[in-house]
Amino acid sequence: MAKPIVRIKNLCVGYNSPLVSGFNLEIKPGEIVAIVGISGLGKTTLLRTIAGLIPKLSGKIIGNVRRRGGIGYIPQRLGLVRHASVYHNVELGARCGIKVNDESGNILNWSSRKSVLIHETVKLVGLTEKINEPIRRLSGGQQRRVATARTIAQSPELILADEFLSELDKENADSIIRLMRDYVKNNNTAMLLVEHHLDRANQIADRIVDLGDFEVSLNEEE
Ligand SMILES: Nc1ncnc2c1ncn2[C@@H]1O[C@H](COP(=O)(O)OP(=O)(O)OP(=O)(O)O)[C@@H](O)[C@H]1O
Ligand SMILES: [Mg+2]
């Protein structure tokens, strides 16, 4: 059996007190898992912990991904550089995704390949006409598509996406779902996403995990 891309054992996440405990999950290459659960349950906290952005309280997260750019994280608030163009935002992903050395360690000239990659990825999300526009002049849904392009340009082995389909109409959501599924399936990578809407979670994911099923201390006294 293929080695999991990520293996999470008995994880406990939270800030001062635990929000979620006893969380277990394995994601295999080519697999997409969606986390569902009501607002305030700790979904974002869980994703940020797996991304290594906040410390875990206890448990294990074993990732089988490359050190540089191996995890692509799409935050709930996107984290785009608002004054910079679509091109430059996608470039931030591409910088972590393009090989800078060949097998013998020689430095590769990658600037022309980088430009091709950025243009191709922006085209995939249907924003070619907006490539030189600053992010602040794009609609909410267009900004979500830029965040998707930035992540794909990074060629991550594990994608963590926090409600990245919100604000997208059905047509755009369908095309982004297709794009992400193709990326994960064709490259044998893995994806863990948080999705409020169960129908969309079912549409994109192979498997759904309800965070409400885990031991949650949402209303407990400290
Ligand atoms: N930086 C922080 N410091 C302390 N507590 C926080 C912090 N961020 C979030 N929380 C608290 O942790 C709880 C869970 O927040 P989280 O953002 O993980 O929920 P969520 O499940 O993603 O909710 P939503 O569906 O609304 O996005 C909330 O009660 C929130 O107030
Ligand atoms: Mg959240």
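State yes or no: is residue 166 surrounded by fewer than 17 Cβ atoms within 10 Å (Cβ to Cβ) and within 16 Å of ligand 2 (Cβ to nearest atom)?
Against the criterion (surrounded by fewer than 17 Cβ atoms within 10 Å (Cβ to Cβ) and within 16 Å of ligand 2 (Cβ to nearest atom)), residue 166 qualifies.
Could you tell me whether the stretch 67-77 includes any residue that is within 16 Å of ligand 1 (Cβ to nearest atom), part of a loop (DSSP other than H, G, I, E, B) and surrounded by 18 or more Cβ atoms within 10 Å (Cβ to Cβ)? Yes, the stretch 67-77 contains a residue that is within 16 Å of ligand 1 (Cβ to nearest atom), part of a loop (DSSP other than H, G, I, E, B) and surrounded by 18 or more Cβ atoms within 10 Å (Cβ to Cβ). Within the stretch 47-66, if we keep just the residues that are in contact with a helix residue (DSSP H, G or I) (Cβ under 7 Å, 6 or more places away or on another chain) and not in a strand (DSSP E or B), the residue that is nearest to ligand 1 (Cβ to nearest atom) turns out to be 54. Look at (1) in contact with a helix residue (DSSP H, G or I) (Cβ under 7 Å, 6 or more places away or on another chain); (2) at pLDDT below 95 and you find that residue 21 fails only one, number (1). Within the stretch 174-212, if we keep just the residues that are polar (S, T, N, Q) and closer than 25 Å to residue 23 by Cα, the residue that is surrounded by the most Cβ atoms within 10 Å (Cβ to Cβ) turns out to be 189.
Where helices (runs of 4 or more DSSP H) sit wholly within the stretch 113-214, those with at least 3 residues that are of a type in the set (Val, Ile, Thr) and over 26 Å from residue 1 (Cα atoms) occupy 140-153. Just one of the listed residues (155, 115, 166, 175) is more than 17 Å from residue 80 (Cβ to Cβ), among the small types (Gly, Ala, Ser) and in contact with a helix residue (DSSP H, G or I) (Cβ under 8 Å, 6 or more places away or on another chain), and it is 155. The lone criterion from (1) more than 19 Å from residue 72 (Cα to Cα); (2) more than 16 Å from ligand 1 (Cβ to nearest atom); (3) at pLDDT 95 or above left unmet by residue 169 is number (3).
Here the condition is being closer than 26 Å to residue 42 by Cβ and either acidic (Asp, Glu) or exposed (fewer than 15 other Cβ atoms within 10 Å of the Cβ) (or both); of 171, 157, it holds for 157 alone. Taking the criterion of being in a strand (DSSP E or B), among the aromatic types (Phe, Trp, Tyr) and at pLDDT 90 or above, would at least one residue in the stretch 86-94 satisfy it? Taking every residue of the stretch 86-94 in turn, none turns out to be in a strand (DSSP E or B), among the aromatic types (Phe, Trp, Tyr) and at pLDDT 90 or above.
The values are calculated or read from the model by the stated rules, or taken from the named source; none is laboratory data. As the structure is a computational prediction, the values presented were derived from the model and not from experiment. Note that each Cβ is placed from the backbone with ideal geometry, even for glycine, and that neighbours are counted across all protein chains shown.
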